[in-house]
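Undergrad: Take a look at this one; I'll ask things after.
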Amino acid sequence: QVQLVESGGGLVQAGGSLRLSCAASGRTFSSYAMGWFRQAPGKEREFVAAISRSGGSTYYADSVKGRFTISRDNAKNTVYLQMNSLKPEDTAVYYCAAAGFISTMTIRAQDISSWGQGTQVTVSS
């Protein structure tokens, strides 16, 4: 199965930008839909964005639509999350995920086959 490793998290001021990367191992990366989730302290993990296997379709949570962009480079086995106009409420641990299915413009946790370990994003006011 695919293994995922996130990178690119850190501390940024409100209004700034950050790009997260998720590197996948194995030869089957292009067979998975990919997504990003986040979890703030004391809160449940929530869906952020998803991208289809070929990269032709993308989906976003309403809270990040227009500010975040998900993309993938199958030749490099990598998925990205470009985060612009960051807000303090974006502070969370961000997780990369590989899924076999996209349902109703989101990825359900039950459909995820692999999770990354997460990377911390902190946005100061």
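Undergrad: Just name the residue that is nearest to Gly26 (Cα to Cα) out of those in segment 68-125 that are touching a Cys at 6+ places or on another chain (Cβ under 8 Å) and without any contact (Cβ under 8 Å) to a residue 60 or more places away in the chain.
TA: Applying the filter and picking the extreme gives Thr78.
Undergrad: Moving on. I need a count of the residues in segment 66-84 that are touching a strand residue (DSSP E or B) at 6+ places or on another chain (Cβ under 9 Å) and over 19 Å from Gln39 (Cβ atoms). Steps first, answer last, please.
TA: Filtering segment 66-84 down to residues touching a strand residue (DSSP E or B) at 6+ places or on another chain (Cβ under 9 Å) leaves 66-73, 76-84.
Subsequent filtering for residues that are over 19 Å from Gln39 (Cβ atoms) retains 66, 69, 71-73, 76-78, 80, 82, 84.
Summing the residues that are touching a strand residue (DSSP E or B) at 6+ places or on another chain (Cβ under 9 Å) and over 19 Å from Gln39 (Cβ atoms) in segment 66-84 gives 11.
Undergrad: Another one. Give me the pairs, please: first residue somewhere in segment 34-55 and without any contact (Cβ under 8 Å) to a residue 40 or more places away in the chain and in a strand (DSSP E or B), second residue anywhere and open to solvent by 30 Å² or more (accessible area, probe 1.4 Å) and of a type in the set (Gly, Ala, Ser), beta-carbon distance under 9 Å, and either six or more positions apart or on two chains.
TA: Taking only residues 6 or more apart or on different chains, the pairs are Glu46/Ser63; Ile51/Ser57; Ile51/Ser71.
Undergrad: Here's a follow-up. Within segment 56-68, work out how many residues are farther than 17 Å from Thr119 by Cβ and assigned to a loop (DSSP other than H, G, I, E, B). Quick ask: steps written out before the conclusion?
TA: Taking segment 56-68 first, the residues farther than 17 Å from Thr119 by Cβ are 56-63, 65-67.
Still in the list and also assigned to a loop (DSSP other than H, G, I, E, B): 56-57, 61-63, 65-67.
Total meeting the criteria: 8.
Undergrad: Just to check your reading of the model, which residue among Gly26, Gly42, Gly55 is open to solvent by 70 Å² or more (accessible area, probe 1.4 Å) and either within 10 Å of the chain's Cα centre (by Cα) or of a type in the set (Gly, Ala, Ser) (or both)?
TA: On the way: Gly26 fails: open to solvent by 70 Å² or more (accessible area, probe 1.4 Å); Gly55 fails: open to solvent by 70 Å² or more (accessible area, probe 1.4 Å).
Gly42 is the lone residue from the list that is open to solvent by 70 Å² or more (accessible area, probe 1.4 Å) and either within 10 Å of the chain's Cα centre (by Cα) or of a type in the set (Gly, Ala, Ser) (or both).
Undergrad: Among the candidates Ser113, Ser71, which residue alone is at pLDDT below 95 and in a strand (DSSP E or B)? Walk me through it before giving the result.
TA: Numbers: Ser71 fails: at pLDDT below 95.
Result of the check over Ser113, Ser71: Ser113.
Undergrad: Are any residues in segment 74-99 among the hydrophobic types (A, V, I, L, M, F, W, C) and either part of a strand (DSSP E or B) or open to solvent by 50 Å² or more (accessible area, probe 1.4 Å) (or both), and if so, which ones? Steps first, answer last, please.
TA: Within segment 74-99, the subset among the hydrophobic types (A, V, I, L, M, F, W, C) is 75, 79, 81, 83, 86, 92-93, 96-99.
Ala75, Val79, Leu81, Met83, Ala92, Val93, Cys96, Ala97, Ala98, Ala99 - these are the residues of segment 74-99 that are among the hydrophobic types (A, V, I, L, M, F, W, C) and either part of a strand (DSSP E or B) or open to solvent by 50 Å² or more (accessible area, probe 1.4 Å) (or both).
Undergrad: Give the residues of segment 1-23 that are farther than 16 Å from Ala92 by Cβ, part of a loop (DSSP other than H, G, I, E, B) and either in contact with a helix residue (DSSP H, G or I) (Cβ under 7 Å, 6 or more places away or on another chain) or open to solvent by less than 50 Å² (accessible area, probe 1.4 Å) (or both), sorted by residue number.
TA: Correct list: Val2 only.
The values are calculated or read from the model by the stated rules, or taken from the named source; none is laboratory data. This structure is a prediction, so every number in the text was calculated from the model and none was measured. Reconstructed Cβ throughout: ideal geometry from the backbone, glycine too, with neighbour counts over all protein chains shown. What goes into the accessible areas is simple: the full protein's heavy atoms, side chains included, and nothing from ligands, DNA or RNA. Shrake-Rupley method; radii C 1.70, N 1.55, O 1.52, S 1.80 Å.
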